[in-house]
Every structure is written in C-alpha cells, then in structure tokens.
1. Charges at C-beta only: +1 for Lys and Arg, -1 for Asp and Glu. How large is the resulting dipole of the chain about its Cα centre, in Debye rounded to 20?
2. Send over a whole-number figure in Å² for the accessible area per residue of the chain, probe 1.4 Å.
3. May I ask for the equivalent-ellipsoid semi-axes of the range 1-42, computed as the square root of five times each C-alpha gyration tensor eigenvalue and listed largest first in whole Å?
4. Report the label-to-label distance for Thr57 and Leu10 in nanometres (one decimal), using points 7 Å from each Cα along the Cα→Cβ vector.
5. With the full set of protein chains in place, find how many percent of the accessible area of the chain is carbon and sulfur; take the probe as 1.4 Å.
6. Out of these labelled values of Kirkwood radius over Cα pairs in Å, (i) 13.2; (ii) 14.1; (iii) 15.3, which was calculated from the coordinates shown here?
7. Compute the acute angle (0 to 90°) between the alpha-carbon long axis of helix 44-84 and the principal axis of greatest extent of the alpha-carbon atoms of the chain; round to the nearest 10°.
8. When the helix-only estimate is applied to the chain (DSSP H runs of n ≥ 4, each -39,500 (n - 2.57), divided by the residue count), what is the mean residue ellipticity at 222 nm, nearest 500 deg cm²/dmol?
Amino acid sequence: MEQLKGIVALVEEAIENGATTVEDVHREIAAKPLEILKNITPIAPTADKIEKIQDETIGSIYDTIRLINSKVAEVAKQMLNKIDQ
C-alpha cells in the first residue's frame, strides 16, 4: 500500500512540475508578439493591456491545472487510506 501512496505522490509532483515548466514556456512564447507590438508607439498602450489580460489568463489556466491535480491526489490518497484500513 505504501508503494501505491508513493506513486500517487510521484504523479502529483510530476504533474505539478510539468505544469510549471509548460507555463513558463507558454508565457515566453506568448510574450514574443507583444514585445514587438509594444515597440509600435500608437498601439503600445493596447499591447500593455493585452499583456496583462494574457498574463492573468495563462496564470488562471495553470492554477486550475494545479488545483485539479491536488484534488485528484487528495481523492486518491483518501481511497488508498480506506483500502488500507
């Protein structure tokens, strides 16, 4: 049973770390076009607003992934604890 609990923890950590890595790459790629647009004076203020919205959206997506991951791991641990009793 301890081996199964270890696997749950391992999968939870792998998803957490994977989400962080993908989020970092996502942010870098998404920022590229906005960096260019911010250099165009007439549209720079709009690009700044878009960047803020984009940043919040990306953050929300990966926060949701992490929350779901945490909840699934919690349920898996509870199920294993019930089996273990």
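1. 200 debye
2. For the chain, the solvent-accessible area averages 74 Å² per residue.
3. Semi-axes from the Cα gyration tensor: 41, 5, 4 Å.
4. 3.8 nm
5. Reported share for carbon and sulfur atoms: 63 percent.
6. (iii)
7. 0 degrees
8. -33500 deg cm²/dmol, from helical runs alone.
The values are calculated or read from the model by the stated rules, or taken from the named source; none is laboratory data. What you see is a predicted model, and the numbers here were worked out from it, not measured in a lab. Ideal geometry is used to build each Cβ from the backbone, glycine not excepted, and the neighbour counts take in all protein chains shown. When the accessible area is computed, the model is the full protein with side chains, heavy atoms only, and any ligands, DNA or RNA have been set aside. Shrake-Rupley method; radii C 1.70, N 1.55, O 1.52, S 1.80 Å.
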